[in-house]
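Reading through the structure tokens given below for one structure.
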Amino acid sequence: MSIAKTIPQQLQTNIDNIINDIIPNPWLTKIERVSYTNKIRDLLQQRDAVLIAHYYVNDELQALADKTGGYVSDSLDMANFGVQHDAKILVICGVRFMGETAKILSPEKTVIMPTLNAECSLDLGCPIDEFSRFCNEYPDREVVVYANTSVEVKAIADWIVTSSNAIQIIENIMAQGKKIIWGPDRHLGRYIKNKTGADMILWQGHCVVHDEFKSHELEQLMKKYPDAEVLAHPESPEAIISRADFVGSTKQIINVGKSSPANTLIIATDQGLFYKMSQAVPEKLLIPAPTGGKSATCKSCAHCPWMAMNTLSNLYETLRDMTNIIEVNERTRQQALLPLNRMINFSYEQGISIAGDA
Ligand code: SF4
């Protein structure tokens with residue numbers, strides 16, 4: 001059987017899109033980088049636009065967001081920044097569901113992205129038709145979905161959660177005597193289920209980046225750096241979580257990195273986070289958790305292939321041509337807004353951050 005036959009059609013199409021998007025963007029020279037940066041800065045001003053980047057996009061895009069008065073964070077926090085900012089155009093550097101989330105919360109603004117082909121394996125692995133059928137099998141359960149989902153999946157959810165507030169929201173649902181359907185990330189779902197003891201049926205999605213961390217190689221690394229602390233995102237496999245000193249969202253990992261007495265930190269999340277981590281703790285040694293080694297199925301790099309599709313050149317072209325506009329059906333948007341607002345209101349009432357996704 002050929003490898004191609006084992007890849008679902010939707011995923012194969014997305015892989016083709018990645019190749020098509022990356023190959024026309026050869027490595028830029030320093031002069032070209034400066035030129036793109038200046039042109040993007042000018043266009044942001046001319047168009048009344050603000051650049052909002054995810055922690056996992058390339059360093060140069062995070063730096064550009066910082067330097068132009070934009071913002072770098074995770075998806076809900078990015079969308080929240082977009083709501084509060086005066087700009088008419090939100091330029092979201094990240095993956096598609098992040099653009100959709102910004103549009104759900106800021107329908108009056110134009111939301112554009114460097115490419116609409118940047119997806120997420122959690123979103124792709126949770127198609128609305130299949131997830132709806134799954135939910136219909138358990139009509140007595142509350143549907144709780146992670147932020148990394150399409151607007152259509154959000155629209156059929158009772159609750160949307162992030163990795164920062166998921167445990168408190170699940171405990172709140174449990175306190176009402178309700179059972180839960182969880183989607184899409186199986187590792188995060190299992191982690192919450194173990195922490196809370198909630199009755200949860202899990203959709204079996206996974207993040208292609210976090211799923212690659214290897215416990216055997218992590219143990220070897222921990223022996224080499226016995227004083228290091230391991231900070232892991234909860235989308236990582238259980239064998240990684242069980243060895244971690246701290247498990248939390250990207251923003252929580254940065255904060256714990258700052259307060260930790262350890263001078264060496266082993267980080268189990270996308271390497272894009274190292275840009276902000278190294279600003280937060282410049283004196284500490286940051287080591288990526290291993291994704292390769294003897295137990296790896298392929299040579300991986302802990303960097304999201306879809307996040308890597310955001311580049312200076314396609315960001316410039318999008319701003320220049322005003323293409324890659326995020327469109328969301330208004331009825332679906334309003335349905336998705338209900339669980340999103342429920343989560344935001346709950347988090348504000350409880351004094352919990354809404355930040356947190358992969
Ligand atoms: S890192 Fe994982 S969860 Fe985040 S966008 Fe990429 S595939 Fe999705």
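The values are calculated or read from the model by the stated rules, or taken from the named source; none is laboratory data. Keep in mind that this is a model prediction, so the values were computed, not measured. Don't worry about glycine lacking a Cβ; one is built from the backbone with ideal geometry, like all the others, and counts go over all protein chains shown.
Observations, loosely collected:
- Single residue of ALA49, ALA79 found to be within 28 Å of ILE254 (Cα to Cα), within 15 Å of the ligand (Cβ to nearest atom) and either under 15 Å from the mean Cα position of the chain (by Cα) or surrounded by 20 or more Cβ atoms within 10 Å (Cβ to Cβ) (or both): ALA79
- Under the condition of being out of contact with any strand residue (DSSP E or B) (no Cβ under 7 Å at 6 or more places or on another chain), part of a loop (DSSP other than H, G, I, E, B) and within 15 Å of ASP123 (Cα to Cα), the residues counted in the range 177-222 number 3.
- Applying the condition of being among the polar types (S, T, N, Q) and not in a helix (DSSP H, G or I) to the range 59-78 and asking which residue is nearest to LEU105 (Cα to Cα) yields SER73.
- Taking the conditions (1) surrounded by fewer than 24 Cβ atoms within 10 Å (Cβ to Cβ); (2) touching a Cys at 6+ places or on another chain (Cβ under 8 Å) in turn, ILE89 satisfies each one other than (2).
- LYS223 surrounded by fewer than 22 Cβ atoms within 10 Å (Cβ to Cβ), farther than 16 Å from PRO288 by Cβ and in the same structural domain as ASN263 (by TED's automatic domain parsing): yes
- Residues being within 16 Å of the ligand (Cβ to nearest atom), touching a residue at least 40 places away in the same chain (Cβ under 8 Å), surrounded by fewer than 24 Cβ atoms within 10 Å (Cβ to Cβ) and not in a loop (DSSP other than H, G, I, E, B) are represented in the range 124-139 by at least one member.
- Every residue from the range 313-333 that is part of a helix (DSSP H, G or I), out of contact with any helix residue (DSSP H, G or I) (no Cβ under 8 Å at 6 or more places or on another chain) and within 18 Å of PRO107 (Cβ to Cβ): GLU330, ARG331
- The requirement of being surrounded by 21 or more Cβ atoms within 10 Å (Cβ to Cβ) and either within 16 Å of the ligand (Cβ to nearest atom) or touching a residue at least 60 places away in the same chain (Cβ under 8 Å) (or both) is fulfilled somewhere in the range 174-183, by at least one residue.
- Pairs where the first residue, in the range 36-50, is touching a residue at least 60 places away in the same chain (Cβ under 8 Å) and the second is among the small types (Gly, Ala, Ser) and in a helix (DSSP H, G or I), C-beta under 9 Å, 6+ apart: TYR36/SER313; THR37/ALA63
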